[in-house]
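Note sheet for the following structure.
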Amino acid sequence: MKIKLRTFFWKLSDYLCSHEPAPISVVASRDGNLYEIRENDFMRMVVKKDEIHELEPVQEGVFMKAPKIPGSYLSTIIAFFRYFSRKKVEAAIHIYWNRKTRAYELVCPEQVVSIYQVQTFIESISNDDKELVVAIHSHHEMAAVFSPGDDSNDRGFKVYGIIGKLHEQRAEFRFRARYNDSEFYLAVTELFDFEGVKTTNQFPKEWLTRVRTQTEAFERRNI
Ligand SMILES: [Zn+2]
């Protein structure tokens, strides 16, 4: 007969209701810990465990699953951001992943830009194969540091990027994978493949039709 040493339970109530004759059990608790419970007819003893050897180690972090994004996309984004950086306003570009074609797509969302923020309007997409995976905005000549405003906006499960110091030859980057307040920073080379990539000052000119400065938007609203 095979002796079952420890039985695992997600809930204490399930453990208490169980009639399984396991001398030792492990129960998960709301506090995130695992507790080992032994009992006989006389008493029940509950001990917090730091290590459960039957379980496998889980490493915290962010792990990329798709191929890296072409570095030329980032060059195009920088060219677009530099155009608006010269006007001292921010701008934004979204990167979609198409799981069917296994390719990335750059999208310039409709946006209202100003010196200190960019408001984007995400189109509802009818294609279930496409998912917005990276949202990047510029901090024009300012540092690439996530602001308190960015922290309150960046709540969805995706990668967020900032490009700053765009007036300098080497722009500054910062990327983070995030949802709610949980985040992990990523190096630009973890996301983009720069092999053979050249810098460019070209970007699709139709993108310009999707950007309005806040003063234009304000005037339009008040006509
Ligand atoms: Zn920002």
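The values are calculated or read from the model by the stated rules, or taken from the named source; none is laboratory data. Predicted, not measured: the structure shown is a model, and the values here were computed from it. Positions of Cβ are generated from backbone atoms using ideal geometry, with glycine treated the same way; all protein chains shown enter the neighbour counts.
For the reader, a short list of remarks on this structure follows.
- Flag for Lys65 being closer than 22 Å to Asp193 by Cβ and either of a type in the set (Phe, Trp, Tyr) or surrounded by fewer than 19 Cβ atoms within 10 Å (Cβ to Cβ) (or both): yes
- Evaluation of Ile163 against (1) in contact (Cβ under 8 Å) with a residue 24 or more places away in the chain; (2) part of a loop (DSSP other than H, G, I, E, B); (3) within 11 Å of the ligand (Cβ to nearest atom) (one fails), failing number: (2)
- Filter result for the condition that a residue is of a type outside the set (Ser, Thr, Tyr), outside any strand (DSSP E or B) and in contact with a Ser or Thr (Cβ under 9 Å, 6 or more places away or on another chain), over Ala66, Ala79: Ala79
- Residue match in segment 132-140 (condition: within 15 Å of the ligand (Cβ to nearest atom) and surrounded by fewer than 17 Cβ atoms within 10 Å (Cβ to Cβ)): no
- Residue count for segment 164-195, restricted to those that are buried (at least 17 other Cβ atoms within 10 Å of the Cβ), within 18 Å of Tyr96 (Cα to Cα) and more than 13 Å from the chain's Cα centre (by Cα): 1
- The residues of segment 166-181 that are touching a residue at least 40 places away in the same chain (Cβ under 8 Å) and either part of a loop (DSSP other than H, G, I, E, B) or outside the structural domain of Thr200 (by TED's automatic domain parsing) (or both), listed by number, are Leu166, His167, Ala171.
- The residues of segment 196-209 that are exposed (fewer than 15 other Cβ atoms within 10 Å of the Cβ) and at pLDDT 95 or above, listed by number, are Gln202, Pro204, Lys205, Glu206, Leu208, Thr209.
- In segment 7-26, the residues that are touching a residue at least 40 places away in the same chain (Cβ under 8 Å) form no Cβ pair under 7 Å with any partner that is crowded, with 16+ Cβ neighbours inside 10 Å and of a type outside the set (A, V, I, L, M), whether six or more places apart or across chains.
- Answer from Tyr35, Tyr73 - the residue that is in the same structural domain as Ala22 (by TED's automatic domain parsing), modelled with pLDDT of 95 or more and within 33 Å of the chain's Cα centre (by Cα): Tyr35
- Residue list for segment 94-111, filter: within 15 Å of the ligand (Cβ to nearest atom) and closer than 19 Å to Leu166 by Cα: His94
- Only one of Phe42, Phe84 that is out of contact with any strand residue (DSSP E or B) (no Cβ under 6 Å at 6 or more places or on another chain) and within 16 Å of the ligand (Cβ to nearest atom): Phe84
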